[in-house]
Amino acid sequence: MNENYVAGFDACPTWSPVLGYAGAAICIIFANWGAAVGTWKCGLGLCGMGINHPNGIIKNLIGIIMAGVLGIFGLIVAIILGGGITGPDENGMATYSQFNGWSDLAAGVCCGATCLAAGYATGIAGETSILAVGVRAMGNKHRQSRGAPGGAGDDFDEGDASKLYIAGVTILSFAGALGLYGFIVALIIASTPGYYCSAD
């Protein structure tokens, strides 16, 4: 018998797949929840900034992109967890063990919860930094327009607003890294060899 196979009802009860499916569901729901919050908050900031500073829209999309990646993390882990769940054998005996169920549940919660936290961090920090860059850039534009005969055009120098942008991107990078950490740990947990039940 393969060393990864065990026998007995206690090791593989009929309710074990519930844990695995719950892990996959929690993972994708929480990860997409975090991605949605991050996209929502960064989108509000981007639209608010774009009214007066439309030239900064493209480069400030970084927050929305990083929020969307969190949903991809949850999707990948949920697919892996769902694909590892096995049904009963030809005799109607459960093959999916408690060990696998609790392991998959832990992996799902790990990835989902960290992506949710990262989504909130990305959204709040992203909205604030995007609005700050827009306000600072417009202040520099007004200062330049006072010294220019025709006023500052659309291609004005943002000046020190770029420093705020760099700081904002740095904050977003570390906020998004929280989800990446959970994703990596979830992959490690999901790749741990499991145990399946066999009637033999």
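The values are calculated or read from the model by the stated rules, or taken from the named source; none is laboratory data. As the structure is a computational prediction, the values presented were derived from the model and not from experiment. Cβ sites come from the backbone with ideal geometry, for glycine too, and all protein chains shown count toward neighbours. Remember, those area values only see protein heavy atoms, side chains included, never the ligands or the DNA or RNA. Shrake-Rupley method; radii C 1.70, N 1.55, O 1.52, S 1.80 Å.
Residue-wise test of (1) in contact with a helix residue (DSSP H, G or I) (Cβ under 8 Å, 6 or more places away or on another chain); (2) farther than 23 Å from Gly56 by Cα; (3) modelled with pLDDT under 85.
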{"position": "Gly92", "(1), (2), (3)": "no, yes, yes"}
{"position": "Ser103", "(1), (2), (3)": "yes, yes, no"}
{"position": "Ala106", "(1), (2), (3)": "yes, yes, no"}
{"position": "Leu116", "(1), (2), (3)": "yes, yes, no"}
{"position": "Ala125", "(1), (2), (3)": "yes, no, no"}
{"position": "Ala137", "(1), (2), (3)": "yes, no, yes"}
{"position": "Asp160", "(1), (2), (3)": "yes, no, yes"}
{"position": "Leu164", "(1), (2), (3)": "yes, no, yes"}
{"position": "Ala177", "(1), (2), (3)": "yes, yes, no"}
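Looking across the range 27-54 at every residue that is open to solvent by 50 Å² or more (accessible area, probe 1.4 Å), in contact with a helix residue (DSSP H, G or I) (Cβ under 8 Å, 6 or more places away or on another chain) and in a helix (DSSP H, G or I), the one that is farthest from Ile166 (Cα to Cα) is identified as Ile29. Looking at Asn52, Asn100, Asn91, just one residue is within 27 Å of Leu178 (Cα to Cα) and of a type in the set (S, T, N, Q), and that residue is Asn100. Of all the residues in the range 63-115, those that are surrounded by fewer than 24 Cβ atoms within 10 Å (Cβ to Cβ) and out of contact with any strand residue (DSSP E or B) (no Cβ under 7 Å at 6 or more places or on another chain) number 28.
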